1. Residue 18 is checked against (1) crowded, with 17+ Cβ neighbours inside 10 Å; (2) out of contact with any strand residue (DSSP E or B) (no Cβ under 7 Å at 6 or more places or on another chain) and fails just one. What number does that condition carry?
2. On the basis of being assigned to a helix (DSSP H, G or I) and surrounded by 13 or more Cβ atoms within 10 Å (Cβ to Cβ), does residue 5 make the cut?
3. Could you give every pair whose Cβ atoms fall below 8 Å, whose first residue belongs to segment 1-29 and is within 18 Å of residue 42 (Cβ to Cβ) and within 15 Å of the ligand (Cβ to nearest atom), and whose second residue is modelled with pLDDT under 95 and part of a helix (DSSP H, G or I), counting only separations of at least 6 or pairs across chains?
4. Quick check on residue 35: is it modelled with pLDDT under 95 and within 12 Å of the chain's Cα centre (by Cα)?
5. So, in segment 46-57, how many residues would count as being within 10 Å of the chain's Cα centre (by Cα) and free of Cβ contacts under 8 Å to residues at least 12 places away in the same chain?
Ligand SMILES: [Zn+2]
């Protein structure tokens, strides 16, 4: 996903801002990393360029 996308992504739990941590980047896109919400103290993984923004407890009914 594009690094700039972080600006429009919000935490699904509290609708707060997410902090991007990049582990692997390629051509301005995040390949591997995570999005962290300081308010919820939750991290959402980014795997192969796809952010997984589902809350752990809502994965079954989302
Ligand atoms: Zn949050």
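1. Against the list (1) crowded, with 17+ Cβ neighbours inside 10 Å; (2) out of contact with any strand residue (DSSP E or B) (no Cβ under 7 Å at 6 or more places or on another chain), residue 18 comes up short only on (2).
2. Values: assigned to a helix (DSSP H, G or I): yes; surrounded by 13 or more Cβ atoms within 10 Å (Cβ to Cβ): yes.
Answer is yes for this residue.
3. 12/58; 18/6; 20/3; 20/6
4. Values: modelled with pLDDT under 95: no; within 12 Å of the chain's Cα centre (by Cα): yes.
So residue 35 fails the test.
5. 1
The values are calculated or read from the model by the stated rules, or taken from the named source; none is laboratory data. What you are looking at is a predicted structure, and each value in this text was computed from that prediction instead of being measured. For neighbour counting, all protein chains shown are included, and Cβ atoms are generated from backbone atoms with ideal geometry for every residue, glycine included.
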